[in-house]
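The values are calculated or read from the model by the stated rules, or taken from the named source; none is laboratory data. Everything quoted here is computed from the prediction, not taken from an experiment. When we count neighbours, we look across all protein chains shown, and the Cβ atoms used for this are built from the backbone with ideal geometry, even at glycine.
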Amino acid sequence: MVSDADRSTRAILVFWFPLALQWIMMALEGPFLAAVIARLPDPTFNLAAYGVAFAFAILVESPVIMLMSASTALVEDAQSYRKLRRFANQLNVLSTFLLILLLIPPVFDLVLRTALGLPPEVADRVYGAFWLLLPWPAAIGYRRFIHGILIREGRTRWIAYGTGIRLFTMAATGVGLALAGLPGAWVGAGALSAGVVVEAGVAWAMSRGIIRRLLERESVQDDTNAPATPSGSGLETREIIQFYYPLALTSLLALTTQPLLTFFMGRAPAPVESLAVFPVVMALYFLFGTLGLSFQEAVIALVGRRGEHRAELTRFAGGLAVVASGLLAILAFTPMARVWFEGVSGLEPGLAALAFLPAQIVAIGPALSVVIGLQRGLLVKARRTRPITMATVIEVTTIAILFPLLGWGLGWMGVTAAITSLMVARTLGVAFLAWAVRRTA
């Protein structure tokens, strides 16, 4: 683990890179599965159905998605581990229940067929995909809780190893289901669930020794009257809720973005084409945006109890932002875009052409992800989580206002209006958090 005194660029890079590698491997899932689905029968309908099913799967996991940040920040001893574990288990049950609720036929018909207005060819495939995604939320919640503990102990390489196993499992399952003749959307959902369940099992196996030491730490203190560890030993359920609910609300609001945009695109010009192209463009964005997503937990772990290493992490974030957006821009603004969307993603030339402009617009996104990862990490470490929620409210509100103006008012193609709205919203959110972070200095 990086020592308290060492926050050089190299030390930060060594600590952070395995986390980035983990996110990069997860980001490869989207392009891989989209490429598989695009090569199976009825690719347009199945890509659209997979995109919708994945958007809702992400939405129902929103209560658990910040458990990694919570366990990184809060788990310091046996008592804090037990209390946060109980809290995490309750959230896992809640997330699974939300997905089960969507599987009730009248609820599914109301939300997916009536509210979203999905064509029957898409809706039927989404329903089957939901069943295959049923293990997804609890597995995500458990492994994120465990990963936070591993990050706190400096075992970031272990996390990357586990995600590598997940990626292999996902790929093997996807190929197997495709060869079995399942619809493309079901292939994607089944592969995602298999990979995450295996990764959760690997995280459990890797963490057994660390958790055993956490539990022994309490008994040693009880036997020797050693002083309690700071803050964690006095952690109460009420404190966990006060700390976590703004983060959970942030996730819920942020993850409504894709269902909201799905609803908007379903009523904008070229709805089926937009729904088919959108997950492919978002998968590309996610691939480069992971550099920022992975940075948040590194900031929490490395900034120091009083934020004494803030300057070093800010300098590192500046260089990372340039690299992240620069790489995506090189792909989006050059002939490599055609190679990616037609050759790698497997889109037909007509669909690939529709993805070029959205990919160019989203090129600024990875830099914004790095900045917001730094900002959120600093605020979480300072136990000021409410501004994170407010920034997300600004983002969702901006999308809700801007997309109807662009997509419905100006007649922009749905996917172009969606990506533009998303980038404007994220820029405003970053601006608000910049003000909030200055107040913590």
- [ ] Tell me which residues, restricted to the stretch 140-192, are small (Gly, Ala, Ser), in contact (Cβ under 8 Å) with a residue 24 or more places away in the chain and more than 23 Å from Lys381 (Cα to Cα).
- [x] Ala160, Gly162, Gly164, Ala171, Gly174, Ala178, Gly184, Ala185, Gly188, Ala189, Gly190, Ala191
TODO: Check off (1) surrounded by fewer than 23 Cβ atoms within 10 Å (Cβ to Cβ); (2) part of a loop (DSSP other than H, G, I, E, B) for Leu167 and give me the number that stays unchecked.
DONE: (2)
Task: Test result for Ile394, closer than 18 Å to Leu19 by Cβ, crowded, with 17+ Cβ neighbours inside 10 Å, of a type outside the set (Phe, Trp, Tyr) and modelled with pLDDT of 90 or more - done: no
Task: helices (runs of 4 or more DSSP H) (entirely within the stretch 281-381) containing at least 1 residues that are polar (S, T, N, Q) and crowded, with 20+ Cβ neighbours inside 10 Å - done: 295-302, 310-332, 365-381
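Conditions (1) in a loop (DSSP other than H, G, I, E, B); (2) under 30 Å from Ala185 (Cβ atoms); (3) touching a Lys or Arg at 6+ places or on another chain (Cβ under 9 Å); (4) modelled with pLDDT of 90 or more, marked per residue:
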residue	(1), (2), (3), (4)
Ser3	yes, no, no, no
Ala11	no, no, no, no
Val14	no, no, no, no
Ala20	no, yes, no, no
Trp23	no, yes, no, no
Leu28	no, yes, no, no
Leu33	no, yes, no, no
Asn46	no, yes, yes, yes
Open item on the list: So, in the stretch 411-436, exactly how many residues are aliphatic (A, V, I, L, M) and not in a helix (DSSP H, G or I)?
Closed with: 1
Open item on the list: I'm trying to understand the selection: among the residues of the stretch 40-84, which are among the small types (Gly, Ala, Ser) and under 13 Å from the mean Cα position of the chain (by Cα)?
Closed with: Ala55, Ala57, Ser62, Ser69
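I'd like to check something: does the stretch 260-274 contain any residue that is in a helix (DSSP H, G or I) and charged (D, E, K, R)? Spell out the reasoning first.
Quick first cut of the stretch 260-274, residues in a helix (DSSP H, G or I) only: 260-265, 271-274.
Of the ones still in play, those that are also charged (D, E, K, R) are 273.
Yes, some residue in the stretch 260-274 is in a helix (DSSP H, G or I) and charged (D, E, K, R).
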Open item on the list: Conditions first: (1) more than 17 Å from Ala317 (Cβ to Cβ); (2) small (Gly, Ala, Ser); (3) at pLDDT 95 or above. Ala431 passes all but one, so which condition is the exception?
Closed with: (1)
Open item on the list: Considering only residues that are touching a Gly at 6+ places or on another chain (Cβ under 7 Å) and closer than 16 Å to Asp124 by Cβ, which ones fall in the stretch 26-41?
Closed with: Ile37, Leu40
- [ ] Any residue in the stretch 356-373 that's in contact (Cβ under 8 Å) with a residue 40 or more places away in the chain: show its pairings with residues that are among the charged types (D, E, K, R) at Cβ separation under 6 Å, as long as the two are six or more apart or on different chains.
- [x] Leu368/Arg426
TODO: Run Gly234 past the list (1) loosely packed, with under 14 Cβ neighbours inside 10 Å; (2) at pLDDT 90 or above and report the number of the one that doesn't hold.
DONE: (2)
